[in-house]
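The values are calculated or read from the model by the stated rules, or taken from the named source; none is laboratory data. Remember, predicted model here, so these are calculated numbers, not experimental data. In this analysis, Cβ positions are derived from the backbone assuming ideal geometry, glycine residues included, and neighbour counts consider all displayed protein chains.
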Amino acid sequence: MVLSSIICGLESDTLETIRTMRKFANESGTLFAQFTVYNPYPGTKDFYEMMDDRRNFGKLDFIPKHKTQILADEYWLQPLRPVDIAKHPNISGSDLHRENSKCWNSFYSLRQSLKRTGRGRARRWPWGAKIVYLLICVLFKRAYAGYGMAADSVRRKESGTVTKMLLRTAVTVFNRCYREKKMRLHTTVIPQTSSGPLKKGPMQGH
């Protein structure tokens, strides 16, 4: 299974580019996708450059390297939403949050999830595997929507009763209806000789 990662809120982004990425994700054939909001993580080149822009903002003859502006010092210590960490040059924080939510809601909608079970390799899955996939889609969205698979957001977010129930159900259905079949189908026996596995050699003519 393939997980596609799409970043919303890069400096060059507009509302239209985010909507285009949302459409692309739905039509790409990927089974899972995460839509993270861009942030200049501490320690990265963008972080140091943007912090330098922030310190020197307003100085005579200073030319900032980025149009995106960090809004607070040590923002990682504050309970801020990703869209509230930096000011985007083309999109307001509320619009970015709304478009990011639409990406998650659209991709993991029941309609789009069902469509994916009828395309590519998923089309040949047994019904048990398709049900598991639909449950995992719901679970994945509940666990990661808005942040993506970042370790810090996972630690902050506690799994509720519904999420735990979905996880147990998904694992049970997968083990009973899909995993065992897949393992049987892909088991291959290689004939052995006293010196090891048989090897195919070139055909010799007579």
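Within region 11-55, the set of residues being touching a residue at least 40 places away in the same chain (Cβ under 8 Å), within 16 Å of Arg116 (Cβ to Cβ) and among the basic types (Lys, Arg) comprises Arg22 only.
Just name the residue that is surrounded by the fewest Cβ atoms within 10 Å (Cβ to Cβ) out of those in region 1-10 that are over 26 Å from Arg124 (Cα atoms) and without any contact (Cβ under 8 Å) to a residue 60 or more places away in the chain.
Initially, region 1-10 is screened for residues over 26 Å from Arg124 (Cα atoms), giving 6-10.
If we keep only those that are without any contact (Cβ under 8 Å) to a residue 60 or more places away in the chain as well, we get 7, 10.
On the way: Ile7: 15, Leu10: 12.
This residue is Leu10.
Is region 43-52 home to any residue that is outside any helix (DSSP H, G or I), under 20 Å from the mean Cα position of the chain (by Cα) and more than 22 Å from Ala143 (Cα to Cα)? Outline the logic, then answer.
Here is the first cut: in region 43-52, the residues outside any helix (DSSP H, G or I) are 43-44.
Then keep just the ones that are under 20 Å from the mean Cα position of the chain (by Cα); that gives none.
No, that holds for no residue.
As a summary of the residue check, Leu110 satisfies the conditions (1) surrounded by 14 or more Cβ atoms within 10 Å (Cβ to Cβ); (2) under 26 Å from Thr17 (Cα atoms); (3) under 18 Å from the mean Cα position of the chain (by Cα) except for the one numbered (1).
Checked against (1) modelled with pLDDT of 95 or more; (2) in contact with a Ser or Thr (Cβ under 7 Å, 6 or more places away or on another chain); (3) of a type in the set (Val, Ile, Thr), Thr30 meets all criteria but (1). Among the residues of region 82-101, some residue qualifies, meaning at least one is of a type in the set (S, T, N, Q), part of a helix (DSSP H, G or I), in the same structural domain as Asp13 (by TED's automatic domain parsing) and touching a residue at least 24 places away in the same chain (Cβ under 8 Å). The lone criterion from (1) loosely packed, with under 12 Cβ neighbours inside 10 Å; (2) in a helix (DSSP H, G or I) left unmet by Thr17 is number (1).
Residue count for region 102-126, restricted to those that are in a loop (DSSP other than H, G, I, E, B) and in contact (Cβ under 8 Å) with a residue 12 or more places away in the chain: 5. The conditions of being modelled with pLDDT of 85 or more, more than 19 Å from Ser28 (Cβ to Cβ) and surrounded by 10 or more Cβ atoms within 10 Å (Cβ to Cβ) are not met by Val154.
Is it fair to say Gly58 is without any contact (Cβ under 8 Å) to a residue 12 or more places away in the chain and part of a loop (DSSP other than H, G, I, E, B)? Let's see the steps before the verdict.
Numbers: without any contact (Cβ under 8 Å) to a residue 12 or more places away in the chain: yes; part of a loop (DSSP other than H, G, I, E, B): yes.
Against the criterion (without any contact (Cβ under 8 Å) to a residue 12 or more places away in the chain and part of a loop (DSSP other than H, G, I, E, B)), Gly58 qualifies.
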